[in-house]
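Colleague: Sharing a structure below in structure tokens format, with a few things to ask.
The values are calculated or read from the model by the stated rules, or taken from the named source; none is laboratory data. The model shown is predicted, which means the values in this text are computed figures rather than measured ones. For neighbour counting, all protein chains shown are included, and Cβ atoms are generated from backbone atoms with ideal geometry for every residue, glycine included.
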Amino acid sequence: MALTNVTLSGWTLDNPIIPASGTFGYGYEFAELYDINCLGTFSFKGTTKDPRFGNETPRIAETPAGMLNAVGLQNPGVDNVIREELPKLKQCFSKKVIANVSGFSLDEYCYTCEKLDRQEQVGLLEVNISCPNVHGGGMSFGTSPESAAEVTREVKKVTTKPVYIKLSPNVTDIVQIAKACQDAGADGISLINTLLGMKIDLRKRKPLLANTTGGLSGSAIFPVAVRMVWQVYQAVDIPIIGMGGVSSAEDVLEIMMAGATAVQIGAANLTDPYICRDIVTKLPGLLDQYGIHDIKEIIGGAHR
Amino acid sequence: MQQKQFLVKENKKIAKNTYQIILLGDCSAIKKSGQFVNIKIEGLFLRRPISVCDAEENRLTLIYKTVGKGTSLLAEAQPGDKFDLLTGLGNGYDTAKSGASPLLVGGGAGVPPLYNLCKRLIAEGKKPTVILGFNAKDEIFYEPEFSALGASVIVTTVDGSYGKKGFVTDAFAETDYTYIYTCGPEPMLKSVYQKAKTSGQFSFEERMGCGFGACMGCSCKTLAGNKRICKEGPVLEKEEILWH
């Protein structure tokens, strides 16, 4: 049977399938549905220094082949995550997890990353400098090469585990930002976060989302994700975790051929809660079908 | 929660813009009145959450209003069509708190979940009174069904075209009750909250992403902390509601 394991900065995953941050909570909701140990790992809900309620509702809207969300980083804060969520997760997940971190200042990013870096359950840190739904933080760090590099450098100073920077597609040139992160010491790149979008309620003649704008996800954005992974792969030497509208085992192979070492699945978890398990199950057969003996051979395969 | 396939047995219009669909499939995950299901509709990305009107072992009844693309597509479903449902979502009503003569107050599309609740309360030997509020006569549904369960039923219409003229709360004076269960549009819930003489349980609505607690799309603040309408709700205790 085809080999499915991949390695992210020295951490070997049984397979490249990773539920994306914000669509999988802290894991245990899904552990009620299936044994989540079948996953490569997962990226937990974006965590900040302080607890956050997030934006007002409505936070969700339907779009063609996708959805908008403007949750705004609702989370219990890093101290509660360490005290309550991680021990609960340990009961149902024996693998290490990706700690997704967001912040509103360099100090906050460092504070949260440093604390999570010390947790034995954390395999790597995914620093989100691309949340489009918060103001005065989040994405504003990810829209210039200089600020992206600064966050990377500061977080690297206080951490020991691999640091992956999660990039925004809402920029003029994502390649420049990815390069700046690599030069500042990033161990890997995650991309893409959601695309900034908007929907208007015809009856109310007002934006449907309370936050006015939201992040577009779902299969509608998959081709954008493939293109950006392709471009960034050409420009950096560090591993890429590819994501953005991935919703089938075929999509996993496609984005890996564009250059991803591992793949996150986001919005699809919300409409089909078993999708990650089903993709993990389907993957070996699909690899056989395409004559792939080891999934690692296809990483960036479309460039060769 | 379960993910199950259901077969359409019947889908018919029962009032203005209001449809009743009967689906055959495994309802075993639906444990309480006031829970909901999340239906996958071909051509749409997000599922559509709809409250359970009634659930027997293998037969699920939903009543929905055509308010947008999803419900309009659902209205076109034909007998024999198949749907993928997530069932047994949300917390549902707690009948243990009802006392001997609970009051059930439903407004428009908020009426359906009260049907199974009424059935359950009567099975428990309680004597519910039901107030069903609609805008006008052509929107009314399920009055005979509630009566057939053995509940005393009062219908109100805003325009006075049927039953008592006014809002559901205008019928409160005629009733004596031990507890309130309600579901309906938020302005109605707020008015019920203000007029209620007893404690009660209120079922809320919100735009949802997943419907099972993963996305935090439908969070609300309560006096008992942040809750997800889809998971710790849709039913909130009167004492924990924080109006905004």
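Colleague: Kindly evaluate A:GLU62 against the criterion of being more than 14 Å from every other protein chain (Cβ to nearest Cβ) and modelled with pLDDT of 95 or more.
Modeller: Criteria not met by A:GLU62.
Colleague: Which condition breaks for A:GLU126 when tested against (1) closer than 18 Å to A:ASN193 by Cβ; (2) of a type in the set (Asp, Glu); (3) assigned to a helix (DSSP H, G or I)?
Modeller: Single failed check for A:GLU126: (3).
Colleague: Out of everything in the range A:255-265 that is in contact with a helix residue (DSSP H, G or I) (Cβ under 9 Å, 6 or more places away or on another chain) and not in a helix (DSSP H, G or I), what residue ends up being nearest to A:TYR34 (Cα to Cα)?
Modeller: Selected residue: A:ILE265.
Colleague: Of everything in the range A:84-104 that's in a helix (DSSP H, G or I) and free of Cβ contacts under 8 Å to residues at least 60 places away in the same chain, which residue is surrounded by the fewest Cβ atoms within 10 Å (Cβ to Cβ)?
Modeller: Checked the range A:84-104; the qualifying residue surrounded by the fewest Cβ atoms within 10 Å (Cβ to Cβ) is A:PRO87.
Colleague: Test each condition in (1) within 26 Å of B:VAL37 (Cα to Cα); (2) of a type in the set (A, V, I, L, M, F, W, C); (3) in contact with a helix residue (DSSP H, G or I) (Cβ under 6 Å, 6 or more places away or on another chain) for B:LEU114 and report the one that comes out false.
Modeller: Among (1) within 26 Å of B:VAL37 (Cα to Cα); (2) of a type in the set (A, V, I, L, M, F, W, C); (3) in contact with a helix residue (DSSP H, G or I) (Cβ under 6 Å, 6 or more places away or on another chain), B:LEU114 violates only (3).
Colleague: Of everything in the range A:263-301, what is at positive phi and touching a residue at least 24 places away in the same chain (Cβ under 8 Å)? Give them in sequence order.
Modeller: A:GLY300, the sole residue that qualifies.
Colleague: If you scan the range A:67-83, which residues turn out to be crowded, with 23+ Cβ neighbours inside 10 Å and either at the interface with chain B (Cβ under 7 Å from one of its Cβ atoms) or within 15 Å of B:SER219 (Cβ to Cβ) (or both)?
Modeller: Selection gives A:MET67, A:ASN69, A:ALA70, A:VAL71, A:GLY72, A:LEU73, A:ASN75.
Colleague: Do you know which of the residues in the range B:229-244 that are in contact (Cβ under 8 Å) with a residue 24 or more places away in the chain and assigned to a loop (DSSP other than H, G, I, E, B) is farthest from B:GLN35 (Cα to Cα)?
Modeller: Top of the filtered list is B:TRP243.
Colleague: Before we move on, is B:LYS82 out of contact with any helix residue (DSSP H, G or I) (no Cβ under 6 Å at 6 or more places or on another chain), within 14 Å of chain A (Cβ to nearest Cβ) and touching a residue at least 40 places away in the same chain (Cβ under 8 Å)?
Modeller: So B:LYS82 fails the test.
Colleague: Also, quick follow-up: Does the range A:235-248 contain any residue that is within 14 Å of chain B (Cβ to nearest Cβ), farther than 17 Å from A:GLY40 by Cβ and modelled with pLDDT of 95 or more?
Modeller: Checking the range A:235-248: at least one residue is within 14 Å of chain B (Cβ to nearest Cβ), farther than 17 Å from A:GLY40 by Cβ and modelled with pLDDT of 95 or more.
Colleague: Please state which of the following conditions A:VAL71 fails to meet, knowing it meets all the rest: (1) β-branched (Val, Ile, Thr); (2) closer than 28 Å to A:ALA148 by Cβ; (3) touching a strand residue (DSSP E or B) at 6+ places or on another chain (Cβ under 6 Å).
Modeller: Just one mismatch for A:VAL71, condition (3).
Colleague: For the range B:229-244, which residues satisfy the criterion of being of a type in the set (Lys, Arg) and either within 10 Å of chain A (Cβ to nearest Cβ) or over 21 Å from B:LEU117 (Cβ atoms) (or both)?
Modeller: Hit for the range B:229-244 is B:LYS231, nothing else.
Colleague: Going by the structure shown, is B:GLY200 within 17 Å of the chain's Cα centre (by Cα) and away from chain A (no Cβ under 14 Å)?
Modeller: Criteria met by B:GLY200.
Colleague: Taking the range A:184-220, which residues are closer than 29 Å to A:ALA260 by Cα, over 14 Å from the mean Cα position of the chain (by Cα) and either in a helix (DSSP H, G or I) or among the hydroxyl-bearing types (Ser, Thr, Tyr) (or both)?
Modeller: Across the range A:184-220, the qualifying residues are A:THR213, A:SER219, A:ALA220.
Colleague: Taking into account only those residues within the range A:115-169 that are basic (Lys, Arg) and in contact (Cβ under 8 Å) with a residue 40 or more places away in the chain, which is surrounded by the most Cβ atoms within 10 Å (Cβ to Cβ)?
Modeller: In this case the residue turns out to be A:LYS166.
Colleague: Another question about this same structure. Find the residue count for the range A:47-59, including only residues that are buried (at least 23 other Cβ atoms within 10 Å of the Cβ) and in contact with a helix residue (DSSP H, G or I) (Cβ under 9 Å, 6 or more places away or on another chain).
Modeller: 2
Colleague: Further question on the same structure: Might you let me know whether the range A:266-281 holds any residue that is buried (at least 21 other Cβ atoms within 10 Å of the Cβ), touching a helix residue (DSSP H, G or I) at 6+ places or on another chain (Cβ under 9 Å), of a type in the set (S, T, N, Q) and not in a helix (DSSP H, G or I)?
Modeller: No, every residue in the range A:266-281 fails to be buried (at least 21 other Cβ atoms within 10 Å of the Cβ), touching a helix residue (DSSP H, G or I) at 6+ places or on another chain (Cβ under 9 Å), of a type in the set (S, T, N, Q) and not in a helix (DSSP H, G or I).
Colleague: Something else about it: Here are B:ALA173, B:ALA123, B:ALA148: which of them is at pLDDT below 95 and either farther than 15 Å from B:GLY106 by Cα or not small (Gly, Ala, Ser) (or both)?
Modeller: Selected residue: B:ALA173, the only one of B:ALA173, B:ALA123, B:ALA148 that is at pLDDT below 95 and either farther than 15 Å from B:GLY106 by Cα or not small (Gly, Ala, Ser) (or both).
Colleague: Here are A:THR23, A:THR41, A:THR112: which of them is in a loop (DSSP other than H, G, I, E, B), crowded, with 22+ Cβ neighbours inside 10 Å and more than 14 Å from every other protein chain (Cβ to nearest Cβ)?
Modeller: A:THR41
Colleague: Shifting gears a bit: Any residue in the range B:158-167 that is outside any loop (DSSP other than H, G, I, E, B) and crowded, with 19+ Cβ neighbours inside 10 Å?
Modeller: Within the range B:158-167, not a single residue is outside any loop (DSSP other than H, G, I, E, B) and crowded, with 19+ Cβ neighbours inside 10 Å.
Colleague: Turning to a different aspect of this structure: Every residue in the range A:226-246 that is over 21 Å from A:VAL71 (Cα atoms) and under 14 Å from the mean Cα position of the chain (by Cα), please.
Modeller: Passing the criteria: A:VAL229, A:PRO239, A:ILE240, A:ILE241, A:GLY242.
Colleague: Do you know which residues across the range B:211-228 are within 10 Å of chain A (Cβ to nearest Cβ), part of a loop (DSSP other than H, G, I, E, B) and free of Cβ contacts under 8 Å to residues at least 60 places away in the same chain?
Modeller: Within the range B:211-228, B:GLY213, B:ALA214, B:CYS215, B:MET216, B:GLY217, B:CYS218 meet the criteria.
Colleague: From the list A:ASP107, A:ASP50, pick out the single residue that is away from every other protein chain (no Cβ under 13 Å), charged (D, E, K, R) and in a helix (DSSP H, G or I).
Modeller: A:ASP107
Colleague: To continue, here is another question. Examine the range B:98-120 for a residue that is assigned by TED's automatic domain parsing to the domain that holds B:LYS164 and among the basic types (Lys, Arg), and state whether such a residue exists.
Modeller: Within the range B:98-120 (the criterion being assigned by TED's automatic domain parsing to the domain that holds B:LYS164 and among the basic types (Lys, Arg)), the answer is yes, since at least one residue qualifies.
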